[in-house]
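Report on the following structure.
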Ligand code: URA
């Protein structure tokens, strides 16, 4: 068995055995297989696909590349949530403390912003002092004590994914169902959870552009979960427009504070409550969707969920002054408004372009080593279907990069379509799938 033979086998559309997959990943990690051989195999997988057995074998090989977290000392069922990525998706920041405040343990390992899509870690780190780079032992302790921990990928958990993801990112091999499935599920399985709720996004701001592709991805993720004895529920949700109104790290945290006060945007709350409901049911804390929703509403209304958020922020090193009084936070130096060029209805948003505009303003990274500006981003004043008068404000940009304002406003103008008739808006929550 040589790397050459394995690459050519996949190139010719033949399935790889579990041993071949394991050999390739372990040899890559030990330095016997080079980056260019790995990228050749990735491209062959991208073009030729993998069946479910191969995808499970790839997931297993990824998990074997590092440590797994033992959360057996934490009582009760451990349930996480993962989104396949979108624009303005700040659901985890509301949902994780909400669910933990109702007794279900939530060990959450999140990612950074990737391309046009934001990352939970960057958002949390816009809160002064919040540390996401905690060692596993401390993470375990947080989950034990607070029923919640919010950290980033460590060097020791699925290191194969970290290295392979970096190659996929620069070789046009990200949006591939078996590669996405192994990448996501290996990290979630290594995290020591019992169950997982997935938010599989579809639409022009998601990796999966249509519902059929998203459904295929959900099937693949659920099948791997089943194979590893994890209960998995997936909701297919729309990313045909940003979720909520805020895009950008601190702007999104600020919107989460509104949600904790019961003043969150409707679409964001709908997705959050639906996913939280599934987590509570998987965690054994609610016996129906209605019971879960009632408990969530009580935890938000009473302030219990917000108190849990403040607790975990303090436990992870944050100064909570901004969270208790967001009005004291100085706004970004440059703020400009985009006005509607004509009257009509907001009929289409190019969500990918809006996400990239936010990156350009400083909210995300163009290269892995770039810093993010916590205050940069976009606040939408209008959403799909809203009636508009010419000259009315569509959105506001926030940045410290004065030179980006004109090009970004131009980009945003062409990302938004205004038409005479109201558009058909795709369902926000399309369907639920489970193992
Ligand atoms: N998120 C991941 O963790 N991996 C992917 O491949 C895509 C999204």
- Query: Rg (Å, one decimal) plus Dmax (Å, integer) for the alpha carbons of the chain?
  - Reply: 21.5, 67
- At R0 = 25 Å, FRET efficiency that the Cβ-Cβ distance of residue 343 and residue 400 yields, to 0.05: 0.15
- Query: Given a cut-off of 26 Å, what percent of all Cα-Cα pairs of segment 281-435 lie beyond it?
  - Reply: 52 percent
- How do 219, 146 line up, fewest other C-beta atoms within 10 Å first? 219, 146
- Expressed in nm to one decimal, what extension gain is obtained for the pair residue 302 and residue 141 from 0.36 nm per residue of sequence separation less their Cα-Cα distance? 55.3 nm
- Would you kindly calculate the translational diffusion coefficient of segment 37-77, applying Stokes-Einstein with the Kirkwood radius from alpha carbon pairs, for 25 °C and a viscosity of 0.890 mPa s, and quote it in µm² s⁻¹ without decimals? 193 µm²/s
- Report, to two decimal places, the Cα Rg of segment 61-157 normalised by 2.2 N^0.38 Å (N = number of residues). 1.07
- Item | Stretch gain in nm, segment residue 321-residue 131, where the contour uses 0.36 nm per residue and the Cα spacing is subtracted | 66.8 nm
- Over segment 9-91, what number does the Rg to Rh ratio reach, with both radii from the alpha-carbon atoms and Rh per Kirkwood? 1.08
- Task: Note the angle between two axes, namely the Cα long axis of helix 136-146 and the longest principal axis of the Cα atoms of the chain, as a number of degrees from 0 to 90, rounded to the nearest 10.
- Result: 50 degrees
- Task: Could you check the simple spin-label distance between residue 172 and residue 263, using points 7 Å along Cα→Cβ, in nm with one decimal?
- Result: 4.7 nm
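Provide 62, 345, 4 in ascending order of the number of other Cβ atoms located within 10 Å of each residue's Cβ, fewest first.
The fewest-first ordering by Cβ neighbours comes to 4, 345, 62.
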- Task: Be a star and scan segment 158-176 for residues whose amide nitrogen sits under 16 Å from the point 7 Å along the Cα-to-Cβ vector of residue 64.
- Result: 158-161
- Kirkwood Rh for segment 3-48 from C-alpha pairs, in Å, is 10.4 Å
- Over the alpha-carbon set of segment 223-299, work out the extent along each principal axis and list the three values in angstrom, largest first. 39, 29, 20
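Please report 404, 272, 337 as a ranked list, fewest other C-beta atoms within 10 angstrom at the top and most at the bottom. Present the calculation step by step, with values, prior to reporting the outcome.
Working: 404 18, 272 26, 337 13.
Fewest-to-most ranking of 404, 272, 337: 337, 404, 272.
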- Rounded to one decimal in nm, the spacing of the 7 Å Cα→Cβ label points at residue 424 and residue 156 is 5.3 nm
- Message: Once each part is reduced to its C-alpha centroid, what is the distance from segment 248-314 to segment 225-243 in angstrom?
- Response: 18 Å
- Message: As I understand it, the value is the acute angle between the Cα axis of helix 266-282 and the longest principal axis of the Cα atoms of the chain; what does it come to in degrees, rounded to 10?
- Response: 40 degrees
- Query: When you count, for each residue, the other Cβ atoms within 10 Å and take the mean per peptide, how do 85-94, 9-18, 325-334 rank with the highest first?
  - Reply: 85-94, 9-18, 325-334
- Message: As an exercise, find the ratio Rg/Rh for segment 331-419 from alpha-carbon atoms, using the Kirkwood inverse-distance average for Rh.
- Response: 0.99
- Against the longest principal axis of the chain, how steep is helix 304-315, in degrees 0 to 90 to the nearest 10, with axes from Cα atoms? 60 degrees
- For segment 168-211 and segment 389-435, distance of Cα centres in Å: 24 Å
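Where a number appears in this text, it was derived from the coordinates with a stated rule and is not lab data. A quick note: this is a predicted structure, and the numbers were derived from the prediction, not measured. Ideal geometry is used to build each Cβ from the backbone, glycine not excepted, and the neighbour counts take in all protein chains shown.
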